[in-house]
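K.L.:
Pasting in a structure now, in structure tokens, and then I'll have a few things to ask.
The values are calculated or read from the model by the stated rules, or taken from the named source; none is laboratory data. Bear in mind that the values here come from a model prediction, so they are computed numbers and not experimental data. Backbone-built Cβ (ideal geometry, glycine too); neighbour counts: all protein chains shown.
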Amino acid sequence: MRITRRIDQPRHPQPHGGCSRFSTPQNILYCEVTDGISAYGIASHRHAPEIEQGLREAAGGKEVVINFTPHLMPMSRGILESIYVKTAPGKTAADLKAHLQGLYAQEPFVHVLEGSKVPETRHVRGSNHCFINVFADRVPGRAIIVSAIDNLVKVRGDSRG
């Protein structure tokens, strides 16, 4: 006998979000998601406010509002982020990249990649490294930041490890 359930029926009805086995109405067993990618927490992900808080602090207290929609991919480890930002007036994606290079120059685990190299999760697998690069968007005044980490290894933005 085969038992099925609708995709909108939570397996476990906990009220908190995130992509844990017990908190999402989506199927997240590998055999249930293999060969597919799906978005979750659309317009309501529980980490959006803390991401905005961190960005607000980095922007010197200026208001920062983000759009954040994570995607579930059937892979054993790794997080790849595509971050879309508006540049400050008169600044370019190249200026943003130069700023990040200066900011992370002394950090042994954070690497701003050269040229147009695109960070990939396979490049940081099993390491404490974060690879980042910045690309000019086709829309003037915007940039795209791509970063990759191994989410099963502790990552910090400092050398205390």
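K.L.:
Within region 101-120, is there a residue that is of a type in the set (S, T, N, Q), in contact with a strand residue (DSSP E or B) (Cβ under 6 Å, 6 or more places away or on another chain) and touching a residue at least 24 places away in the same chain (Cβ under 8 Å)?
P.N.:
no
K.L.:
For SER76, are the conditions met, namely being of a type in the set (Ser, Thr, Tyr), under 25 Å from LEU152 (Cβ atoms) and modelled with pLDDT of 85 or more?
P.N.:
no
K.L.:
Additional query: Consider region 82-100. How many of its residues are exposed (fewer than 15 other Cβ atoms within 10 Å of the Cβ) and either out of contact with any strand residue (DSSP E or B) (no Cβ under 8 Å at 6 or more places or on another chain) or closer than 16 Å to VAL118 by Cβ (or both)?
P.N.:
Summing the residues that are exposed (fewer than 15 other Cβ atoms within 10 Å of the Cβ) and either out of contact with any strand residue (DSSP E or B) (no Cβ under 8 Å at 6 or more places or on another chain) or closer than 16 Å to VAL118 by Cβ (or both) in region 82-100 gives 9.
K.L.:
On to the next question. Among the residues of region 81-97, what is the count of those that are touching an Asp or Glu at 6+ places or on another chain (Cβ under 8 Å) and of a type in the set (Val, Ile, Thr)?
P.N.:
Summing the residues that are touching an Asp or Glu at 6+ places or on another chain (Cβ under 8 Å) and of a type in the set (Val, Ile, Thr) in region 81-97 gives 1.
K.L.:
I would also like to ask the following. If I filter region 53-70 for residues that are surrounded by fewer than 16 Cβ atoms within 10 Å (Cβ to Cβ) and closer than 15 Å to ASP150 by Cα, do I get at least one hit?
P.N.:
Looking through region 53-70, none of the residues is surrounded by fewer than 16 Cβ atoms within 10 Å (Cβ to Cβ) and closer than 15 Å to ASP150 by Cα.
K.L.:
Moving on. Just one of the numbered conditions (1) more than 23 Å from ALA148 (Cα to Cα); (2) assigned to a helix (DSSP H, G or I); (3) modelled with pLDDT of 80 or more is not true of PRO49; which one?
P.N.:
Checking PRO49 against (1) more than 23 Å from ALA148 (Cα to Cα); (2) assigned to a helix (DSSP H, G or I); (3) modelled with pLDDT of 80 or more, the one that fails is (1).
K.L.:
Additional query: Taking region 54-100 as the region of interest, how many residues are under 20 Å from GLY41 (Cα atoms), without any contact (Cβ under 8 Å) to a residue 60 or more places away in the chain and not small (Gly, Ala, Ser)?
P.N.:
Residues flagged as under 20 Å from GLY41 (Cα atoms), without any contact (Cβ under 8 Å) to a residue 60 or more places away in the chain and not small (Gly, Ala, Ser) within region 54-100 amount to 13.
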